[in-house]
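The values are calculated or read from the model by the stated rules, or taken from the named source; none is laboratory data. Since we're looking at a predicted model, the values are computed, not measured. Cβ placement follows ideal geometry from the backbone for every residue including glycine, while neighbour counts extend to all protein chains displayed. The protein model used for the area step is the full one, side chains on, heavy atoms only, and it has no ligands, DNA or RNA in it. Shrake-Rupley method; radii C 1.70, N 1.55, O 1.52, S 1.80 Å.
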Amino acid sequence: MLDGNQWWRGCVLYQVYPASFMDANDDGIGDLAGVAARLEHIAGLGVDGIWLSPFFTSPMKDFGYDISDYRDVDPRFGTLADFRALIDRAHALGLKVIIDQVLSHSSDRHPWFAESRASRDNPKADWYVWADPRPDGTPPNNWLGSFGGPAWSFDTRRHQYYFHNFLPEQPDLNFHHPEVQQAQLETLEFWLELGVDGFRFDVVNFYFHDAALTDNPAVDPEAQEKPLKYSRDLPRSYQWQRYTTDRPENLEFLKRIRALMRRYPGTTTVGEVGGDRPLSTMKRYTSGGDKLHMAYTFDLLGSASSAAYLRGVIERFEHQAQDAWPCWALSNHDVERMASRWQAEDDPVRLRLLLWVLLCLRGSVCLYQGDELGLPEAQVPYERLRDPAGINGWPRYKGRDGCRTPMAWEADASQLGFSEVEPWLPVEPRHRPLAADRQREDRASLYHWLRQALSLRRAHPALHHGEIALLEAGDDWLAFVRRHEDERLLCVFNLSSCAGNRRIAVSGSITPLGLPCFDTPAPLSGPAGLDLELDAHQALFARVD
């Protein structure tokens, strides 16, 4: 485990989606007591902490990302006492606890919004983003919501539109109002006083909007440069989100958050950065030591997984990154599971290789529940869908339910050990042979391999602290050197489906290090570098002297 106030630099977090992790009271929905009961499984992997997705009071229109009380636990998940017990248990096991914070928007059931919509002159009238219709009654501008349709809904109480980046039931707070900023900082302080070790900030670059409500410009479909998540199935991606995200005022509010965190030594922040060019935003938001500690983007959460693509992501981030700090992930609650998305469902060697790439990157790492078991994306029939994005986008986009189905704990239990009753989402039959109880008994399983890989990462300071220098290795291989003080480590990955050989331009004596489940190649050093042959989906991990 990493020690001290800098524990977050190079840490490995394990994301828990509470509704799908473990049901302790047999109502079909996971809860905090269930999370606490399964923490030993997480601690046994050798990670540094957990990130808990939302468990706050909510109508659950977007499954906890629509909060009606920022300072309480939704009864579905338990009580504040259950949360305190979870923190105590996690800390006893050596795990940090990071919790989600959804500051940019609330539920429309939040008392703040009820007061704001009541009139145009009440104390919270400007706590949300309100605007008059155009003369023809249409919304005030062309902004679109992430789940489809306009980002504006009309309210008959004020005869105005209110802005929502997501569902109409998730109105955006007006961060131009100083009282809104202060209220949300006090929310953070409430949880810090309860003992949390930090926060994951949902859509952290969405807090501010353009106060002039300027139209977003259209994306040229013929142009080479497009937003990261551009898709003809997603109307919002037809626009550059120039006036709805990444506003300059955001940086000043992040500095206020960092000032608060300094009052609680050893705490940390990780931000989810969306938008059009997220890598550059991530650099700005995590540099200088006065904003976020770390952040992640969706650059590694899409379908592209080639060596050339991965190299490009690393290059774009490292270009003038200086002290900026990323937190890389290959899966989370918003995207198709990695094993399916990156064509590794039936290829355990490729799956291990992809996870080893992740563990070797410069930055911190986040694993999603089930990554350690290699769970594929679940197939959820339309009639069982719960995700509004999937319901709206069917059949081309099936939403996020496929990565949120119940965790596979026990292969022979009717509901995979998640619950004694029918769960809120169906269990996936293909998860049964991959269940945690079977993998813990099988020393050759992915679970045990990941434990060894995490131990190897901890044993080498260059992997969690060091710089990274990319090496030329062709389009289907990825190679780089990690360096920290006197330690230099060479990491080479053959991401193609064919064996091959390459000359890697690295100087020094090469000593291969043991890498579980991978063949150890015999590299030949020459005056022009390293001659190396690797089978498909194999890797070299070596010390450079």
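Conditions (1) touching a helix residue (DSSP H, G or I) at 6+ places or on another chain (Cβ under 8 Å); (2) open to solvent by 10 Å² or more (accessible area, probe 1.4 Å); (3) under 14 Å from Tyr285 (Cα atoms), marked per residue:
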position	(1), (2), (3)
Trp191	no, no, no
Asp197	no, yes, no
Thr214	no, yes, no
Glu222	no, yes, no
Lys229	yes, yes, no
Ser237	no, yes, no
Arg242	no, yes, no
Leu251	yes, yes, yes
Lys255	no, yes, yes
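For the structure I just gave you, tell me whether Arg458 is over 17 Å from Ala539 (Cα atoms) and either outside any strand (DSSP E or B) or touching a Leu at 6+ places or on another chain (Cβ under 8 Å) (or both). Steps first, answer last, please.
Numbers: over 17 Å from Ala539 (Cα atoms): yes; either outside any strand (DSSP E or B) or touching a Leu at 6+ places or on another chain (Cβ under 8 Å) (or both): yes.
So Arg458 fits the description; yes.
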Item to check | Yes/no for Thr245 being assigned to a helix (DSSP H, G or I), β-branched (Val, Ile, Thr) and under 25 Å from the mean Cα position of the chain (by Cα) | outcome: no
Checklist entry - In region 112-123, which residues are free of Cβ contacts under 8 Å to residues at least 40 places away in the same chain, part of a loop (DSSP other than H, G, I, E, B) and not small (Gly, Ala, Ser)? => result Asp121, Asn122, Pro123
Next on the checklist: Can you pull out every residue in region 508-518 that is loosely packed, with under 12 Cβ neighbours inside 10 Å and at pLDDT below 90?
Outcome noted: Ser509, Gly514
Item to check | Residues of region 313-328 classified as surrounded by 14 or more Cβ atoms within 10 Å (Cβ to Cβ) and either touching a residue at least 60 places away in the same chain (Cβ under 8 Å) or under 21 Å from Ser496 (Cα atoms) (or both), total | outcome: 5
Item to check | Members of region 136-158 found to be of a type outside the set (S, T, N, Q), part of a loop (DSSP other than H, G, I, E, B) and either in contact (Cβ under 8 Å) with a residue 12 or more places away in the chain or closer than 18 Å to Phe206 by Cβ (or both), listed by number | outcome: Pro139, Pro140, Trp143, Gly145, Phe147, Gly148, Gly149, Ala151, Arg157, Arg158
Item to check | Hits in region 341-371 (condition: surrounded by 24 or more Cβ atoms within 10 Å (Cβ to Cβ) and more than 24 Å from Pro326 (Cα to Cα)) | outcome: none
Checklist entry - How many residues does region 226-269 hold that are under 24 Å from Ala151 (Cα atoms) and not aliphatic (A, V, I, L, M)? => result 24
Checklist outcome for this item: When Ala295 is run through (1) out of contact with any helix residue (DSSP H, G or I) (no Cβ under 7 Å at 6 or more places or on another chain); (2) small (Gly, Ala, Ser); (3) open to solvent by less than 10 Å² (accessible area, probe 1.4 Å), the failure sits at (1)
Checklist entry - Looking at (1) more than 26 Å from Leu300 (Cα to Cα); (2) free of Cβ contacts under 8 Å to residues at least 40 places away in the same chain, can you tell me which one Ser237 breaks? => result (1)
Checklist entry - Would you say Leu450 is farther than 30 Å from Pro381 by Cβ, open to solvent by less than 10 Å² (accessible area, probe 1.4 Å) and not in a loop (DSSP other than H, G, I, E, B)? => result yes
Checklist entry - Taking interchain pairs and intrachain pairs at least six residues apart, which have beta carbon atoms under 6 angstrom, with the first residue in region 280-309 and at negative phi and basic (Lys, Arg) and the second at pLDDT 95 or above and in a loop (DSSP other than H, G, I, E, B)? => result Lys283/Ala324
Next on the checklist: Let me confirm something: among Arg232, Arg258, which residue is basic (Lys, Arg), touching a strand residue (DSSP E or B) at 6+ places or on another chain (Cβ under 9 Å) and free of Cβ contacts under 8 Å to residues at least 60 places away in the same chain?
Outcome noted: Arg258
Item to check | Residue that is least open to solvent (accessible area, probe 1.4 Å), among those in region 401-445 that are of a type in the set (D, E, K, R) and outside any loop (DSSP other than H, G, I, E, B) | outcome: Asp401
Item to check | Some residue of region 265-282 being exposed (fewer than 14 other Cβ atoms within 10 Å of the Cβ) and not aromatic (Phe, Trp, Tyr) | outcome: yes
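For region 170-189, name all the residues that are assigned to a loop (DSSP other than H, G, I, E, B) and surrounded by 21 or more Cβ atoms within 10 Å (Cβ to Cβ). Before the answer, list the steps.
To start, the set of residues in region 170-189 that are assigned to a loop (DSSP other than H, G, I, E, B) comprises 170-171, 174-177.
Answer for region 170-189, where residues must be assigned to a loop (DSSP other than H, G, I, E, B) and surrounded by 21 or more Cβ atoms within 10 Å (Cβ to Cβ): Gln170, Pro171, Asn174, Phe175.
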Next on the checklist: Quick check on Arg488: is it open to solvent by 30 Å² or more (accessible area, probe 1.4 Å) and of a type in the set (Lys, Arg)?
Outcome noted: yes
Next on the checklist: I'd like to know if region 317-336 contains one or more residues that are assigned to a helix (DSSP H, G or I) and among the β-branched types (Val, Ile, Thr).
Outcome noted: no
